[in-house]
Each structure stands twice: as structure tokens, then as C-alpha cells.
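Down below is the structure, laid out as C-alpha cells.
The values are calculated or read from the model by the stated rules, or taken from the named source; none is laboratory data. Everything numeric in this text was worked out from a predicted model, so none of it was measured. We place every Cβ from the backbone using ideal geometry, glycine too, and count neighbours over all the protein chains shown. Only protein heavy atoms, including side chains, enter the accessible area calculation; ligands, DNA and RNA are left aside. Shrake-Rupley method; radii C 1.70, N 1.55, O 1.52, S 1.80 Å.
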Amino acid sequence: MSLVKLQGTPSCFVCGNENDNPRSLGLNIFWDNESRYTFISFIPDESWCGYEGMVHGGLLAAIIDDAMAWSIKASDDDIYVTGKLTISFRKEVRCGKKYVAHGFLERKEGRRAYTSAVIKDEEGNTCVEGGAIFIRVK
Ligand SMILES: CCCCCCCCCCCCCCCC(=O)SCCNC(=O)CCNC(=O)[C@H](O)C(C)(C)COP(=O)(O)OP(=O)(O)OC[C@H]1O[C@@H](n2cnc3c(N)ncnc32)[C@H](O)[C@@H]1OP(=O)(O)O
């Protein structure tokens with residue numbers, strides 16, 4: 001594994017910083033140059049939850065959205081926005097436990113970039129699976 005820290009977007013809800021966005025989760029995003037996927041490690045706290053102790057699915061969607069967006073950005077300077085996002089919640093994500101998200105660029109077709117993502121727990125179980133179509137902005 002050869003991880004490179006990506007710069008993040010200062011104002012981003014997921015990967016921003018507290019000066020530019022006090023509500024940002026402030027997550028660091030890394031790029032694995034060998035395996036060619038993004039890597040986001042996180043430990044959710046109570047403020048991330050919907051039901052008590054169970055992390056809100058919308059927030060997990062935001063994390064995989066970012067993981068996938070940066071899987072494109074790692075090799076492309078153009079701007080892409082999320083056009084379509086699909087997500088499957090396979091196993092609950094609990095606060096206080098450690099998780100990793102990975103985003104993969106599958107292929108590009110014209111202005112479209114097809115991506116996928118997973119969130120896994122420390123035991124390697126898949127908790128969340130997702131996919132997205134990003135569209136290159138003209
Ligand atoms: C300081 C450092 C800065 C660095 C900076 C790096 C930033 C890097 C990380 C960013 C981290 C944040 C990541 C958050 C990412 C979001 O959350 S972005 C916010 C959510 N998304 C949006 O708000 C998008 C809103 N939608 C739109 O603006 C417009 O619908 C779109 C997507 C631009 C498309 O509009 P359009 O340009 O008119 O495109 P259109 O001609 O209709 O379609 C173009 C092609 O895309 C296809 N397409 C369009 N929409 C869709 C769709 N929804 N589904 C499937 N296909 C579609 C069309 O079929 C067409 O295909 P082709 O015919 O070319 O084969």
C-alpha cells in the first residue's frame with residue numbers, strides 16, 4: 001500500500017476543515033497509488049447518528065460520494081458532479097467503531113465517470129456498497 005494524502009476541499013462537508021466549514025466532518029482522504037482507490041478512515045461519534053448508536057445513512061452516502069469523487073480527481077483535473085448515486089446498506093454502522101471507505105473509478109464514457117465504493121468495518125465486513133455516475137462539467 002502506498003498512500004498519498006489528497007488535499008481535500010476546504011469548504012467540503014466531508015473533507016473540509018473547521019475554519020472553512022465548522023460543520024465539516026474533517027475527514028482525511030488518501031489515494032492508494034498501487035491499488036488505485038481512495039481510502040477514508042473514520043470513527044463516527046454520537047452526533048453522526050439517526051437512531052441511537054446507529055450512523056445516519058445519509059451521512060454514509062456523503063462519505064462514499066466524496067470517496068468516489070476523489071477517485072476521479074486523483075487522475076483528472078476536470079470538475080465532475082454527482083449525477084446519480086446508488087447505495088445499499090448491508091450492515092449497520094455503529095458509533096465508536098472504526099471503519100474505512102474506499103472509492104474506485106471503474107471507467108469513463110464521454111462526460112460520464114462510473115465509480116463504486118464500499119465501507120467496511122474492522123473485521124472486513126462490508127457495511128455499505130455504492131455506485132455513482134459523475135458528469136464532467138462543461
Ligand atoms: C481546493 C481544492 C479544490 C479541488 C476540487 C476537487 C473536487 C473533487 C472532490 C469533490 C468532492 C465533493 C464531491 C461532492 C460531489 C457532489 O455532491 S456534486 C453535488 C450534487 N450534484 C449536483 O448538484 C449536480 C446537479 N446536476 C447538474 O448540474 C446537471 O444535471 C449535470 C449533471 C451537470 C448534467 O447537466 P448537463 O451538463 O446539461 O448534461 P447533459 O448534457 O444533460 O448530459 C451529459 C451526459 O451526462 C449524462 N447524464 C446527465 N445527468 C445524468 C444523471 N443524473 N445520471 C446519469 N447520466 C447523466 C447524460 O446522459 C449525457 O450523456 P451523453 O449523452 O453525453 O452520453
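Taken over the range 122-136, the residue count meeting the criterion of being more than 16 Å from the ligand (Cβ to nearest atom), in contact (Cβ under 8 Å) with a residue 24 or more places away in the chain and surrounded by fewer than 17 Cβ atoms within 10 Å (Cβ to Cβ) is 4.
Residues in the range 1-21 that are under 18 Å from the mean Cα position of the chain (by Cα) and open to solvent by less than 90 Å² (accessible area, probe 1.4 Å): 14 in all.
Can you say whether I64 is touching a residue at least 60 places away in the same chain (Cβ under 8 Å) and either touching a His at 6+ places or on another chain (Cβ under 9 Å) or open to solvent by less than 70 Å² (accessible area, probe 1.4 Å) (or both), as far as the supplied structure shows? Here the answer is yes, as I64 does meet what is asked. For the range 77-105, a residue qualifies if it is surrounded by 14 or more Cβ atoms within 10 Å (Cβ to Cβ) and within 16 Å of the ligand (Cβ to nearest atom), and the qualifying residues are Y80, T82, L85, I87, A101, H102, G103, F104, L105.
On inspection, Y114 qualifies as of a type in the set (F, W, Y), buried (at least 17 other Cβ atoms within 10 Å of the Cβ), under 21 Å from G8 (Cα atoms) and within 15 Å of the ligand (Cβ to nearest atom). The listed residues are K73, K108, and the only one of them that is within 22 Å of K5 (Cα to Cα), basic (K, R) and within 16 Å of the ligand (Cβ to nearest atom) turns out to be K73.
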